[in-house]
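The values are calculated or read from the model by the stated rules, or taken from the named source; none is laboratory data. Not measured: the values here are computed from a predicted model. Here Cβ is always computed from backbone atoms with ideal geometry, including for glycine, and neighbour counts include all displayed protein chains.
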Amino acid sequence: MLQTRMWFNEANESAYFLVPGLIVLVMTLIGALLTAMVMAREWERGTLEALLVTPVRSDEILIGKTLPYFLLGMVGLVVCVLAAKFLFHVRCAAVCWCCSCLDAVHAGRARHRTSDLLMGQESTCC
């Protein structure tokens, strides 16, 4: 007789489902959405156009505008991982530095796509 069982959450605790989703939600909200809103606000006010006529290159402007939100996203990631470990007792099965690097790449690519779209360039990455 066949019995069904869960592979990754045999205890069927909701924290193991909700906490990783919370980390993704925080990374998405802080990373892509907040950066896009700030860049769009700068564009609507006309201050981004004023910056584009200065001798500063456009990639330096974009790095200056997105780097604080990247760092804020990394701080949010650390807070979420610490909360997952100590408040919700969710065990991290992967190597933490590897997960942090992958999250940083994900956040960087999201900002790159957002900045390309806002600057009127077509994004070539998948």
(request) Test each condition in (1) exposed (fewer than 13 other Cβ atoms within 10 Å of the Cβ); (2) not in a helix (DSSP H, G or I) for residue 44 and report the one that comes out false. (result) (2)
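If I go through the range 1-17 residue by residue, how many of them are under 24 Å from residue 88 (Cβ atoms) and without any contact (Cβ under 8 Å) to a residue 40 or more places away in the chain? Please lay out each step first, then the result.
Taking the range 1-17 as the starting set, the residues that turn out to be under 24 Å from residue 88 (Cβ atoms) are 5-17.
Among the residues that remain, those that are also without any contact (Cβ under 8 Å) to a residue 40 or more places away in the chain are: 5-14, 17.
Looking only at that region, the number is 11.
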(request) Test each condition in (1) exposed (fewer than 13 other Cβ atoms within 10 Å of the Cβ); (2) under 23 Å from the mean Cα position of the chain (by Cα) for residue 32 and report the one that comes out false. (result) (1)
(message) I need every pair where a residue in the range 34-50 that is farther than 20 Å from residue 71 by Cβ has its Cβ under 7 Å from the Cβ of a residue that is at pLDDT below 85 and of a type in the set (Phe, Trp, Tyr), sequence separation at least 6 or different chains.
(response) none
(message) It is to be established whether one or more residues within the range 6-15 are polar (S, T, N, Q), surrounded by 11 or more Cβ atoms within 10 Å (Cβ to Cβ) and in a loop (DSSP other than H, G, I, E, B).
(response) yes
